[in-house]
Structures are given as structure tokens and as C-alpha cells.
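One structure is given here, and the rest of the page talks about it.
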Amino acid sequence: MTAFARSRFRFSILTFIVAALLGACMTRAPAPVVERTPVPSGRPASPQAEPVPARAAPEAPPTYTVKRGDTLYQIALDHGLDYKELAAWNNIDNVNVIRVGQTLVLAAPGAAPAVAAAEGGVTTAPLATAPPVTPSASDRPVAPASSGRPNTAAFKTEPKAIKVPYTEHALAQLKESAPRESAPQVAMAESKPAPAEARATPPPPVANAAPSTPSRPDAARVPEIDDDSLGWMWPTTGKVIASFSESANLKGIDIAGKAGQPVVASAAGKVVYVGSGLRGYGKLVIVKHNTTFLSAYAHNREIVVKEGQQVAKGQKIAEMGDTDAEQVKLHFEIRRLGKPVDPVKFLPPV
């Protein structure tokens, strides 16, 4: 074989091999494409995040600016507050030292606003899962008494329902033609009215039934704003020698008496001040009855209670005197939310 023939033979073999390879590649089936479900992250899916509605800014507590001649005791009395609480709200260590121009907060600081539950200003909630529905006894399939086999897809023992218009003739035919034990269920298009004798009759009304007891008128009272619930009483005996007057700046009443005469709490409450720190009041006792009312007892000779002590209505709290006064007397005030009111309108008639 010549060299040329050998070259053509080799070329033919190579051509055959290449063609075979190309044919195999062209006839190979394409690789199947499978859609993969993303692997859950382990956390329950959450509904679409909704933006948190804008929160209303908390209302600023009332304030008071200290003026020349003010004392913490007087400010507390004028606003119906306990001076110790007022000092605590304003971080005042020495109750005898306040500065002119100082701003005092007159209420307990409010709670901090709630923080959003999720980052980025959105709130998320877990996906609620509906509880499984448990069928009642009436909803569960029950095999008829004549069959010992339960209902299945291949074997059904329940009779087939027949729906026909209601007529007396149709009902009679069905009753006569159908066997008693395997009678088909009949669904009437119109229900037959029940006889008057079979209808449920409501029981006759009971004669002389007792009316329901109304709620007591005082059940809805709020002690914090209802002065009558305190049951005010006169703090001492004697003649009223000075009456309440807003125009004359008389903030209470003066009751004349004898030195050492008992002074009692006009209503139950807590003693929030004992001392001589309010100018013009002498030895003073202040009793706070609730968040609305307090009472003041001034010019005493002796005080027999302490701050923080709970006192009952009619309990002795002091002895009448003439401290910081021109004569022996009791100066008595009732204040509502810090504002002086006429005590005679609250005390029982004499």
C-alpha cells in the first residue's frame, strides 16, 4: 500500500470516529429540569409587614415656675399635692431649698413609650394556625342498623335521598311503596306546617313576679371625685368667727375655742404634712383624703400625729392654739385639687 493510500485510510477512520461522536452527542436526551422548592429557614412565614401607625406624643405633665417667696410646702398645698412626692418627682434632696425660676413638675413622670416590636419601624405577627375542626357526633357518618359494614368508597349502605315536591298524594305513595326498614330519605321542597297542637307554647307569665333589684345609687360613685363619700365632720367645736371668701382671699374658716381643745380629722386620710413651714399658718397639719381632696388645720398649740400616718375620721390630730395668730382659734381649709373651697358647703349643718 502506498503512502497516499495509507493517508486516505487513516483520514477515513478519523472521519468515521468524529461522525460517530457527533451522532452520539446529538441523540443524547437533554438533562431533566427539576424545580426545587426553597428550603424553609425554620421560622414561620409572617404576613406582609405593615407600617406602625404614628404614636401620639405623650402629654406633658403640668409644671410650675418658682416665684420669689415660694416654698415647696406652699406649692404642694396650692396644687393639692404631698410635698414629699413633689420633691421626689423633681429630684429635690433638700425640701427647704428651691430656686426662683426653677420649673417644677406637678405630676409623676409618665411611663416610657412602647418600643416597636420589629426593626425598621414595622410590626410582624406570627402566622395564626387554625385549630383542627373536630366533628360533632351528629356530623360523623353512622352505618345503618341493618348493615354490619361501614361506609366506604366501594360500599355505601346509606340510602340515596329523593327530592320531590311536597304533596299529600306523593307522601302517601312513598310510604306505601317503600319498605319500612330501607325506606329512602325524602327531602320535601316545602316543609309541612306543624299542627297547632304540636307547636311549643311559651309558659304563661308568672303573676306578681318580683321586679329586679336596681343597683344602689352610690354603687357608681368614684371616691376620688365625690366629696359626699368622705362624710365630712366638723374638726372642732366653737363659733365660726371668719368665713370663706374668695374676694377677700380668706381660704377657709376660723373657729374660736379654748387652748388645748381637741382638733380632729374632718375625714379619714393620710397625714402628708406636719410643721411650721408655711408662713401665716403656725403649727399646721395637712391630711390628704384622696387624689382630689385634702384638708388643713392651722394655728395649733400641739400636734399629736406624724407625717405618713393614716388617721380615721374624728381622730384627734392636734390641740387648738394661737401659733402665728392673734387669738386661740383653728383655721380650717378644704382644698379640691389644690384650690380652696368653702368648707361650710361640705360640713354637716350645725
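The values are calculated or read from the model by the stated rules, or taken from the named source; none is laboratory data. Given the structure is predicted, the values throughout are model-derived calculations rather than measurements. FYI the Cβ positions are ideal-geometry reconstructions off the backbone, even for glycines, and counts take in every protein chain you see.
For Thr323, indicate whether it is modelled with pLDDT of 95 or more, polar (S, T, N, Q) and assigned to a loop (DSSP other than H, G, I, E, B).
The answer is yes for Thr323.
Which members of the range 321-337 meet the condition of being surrounded by fewer than 18 Cβ atoms within 10 Å (Cβ to Cβ) and in contact with a strand residue (DSSP E or B) (Cβ under 8 Å, 6 or more places away or on another chain)?
Scanning the range 321-337 gives Asp322, Thr323, Asp324, Ala325, Gln327, Arg336.
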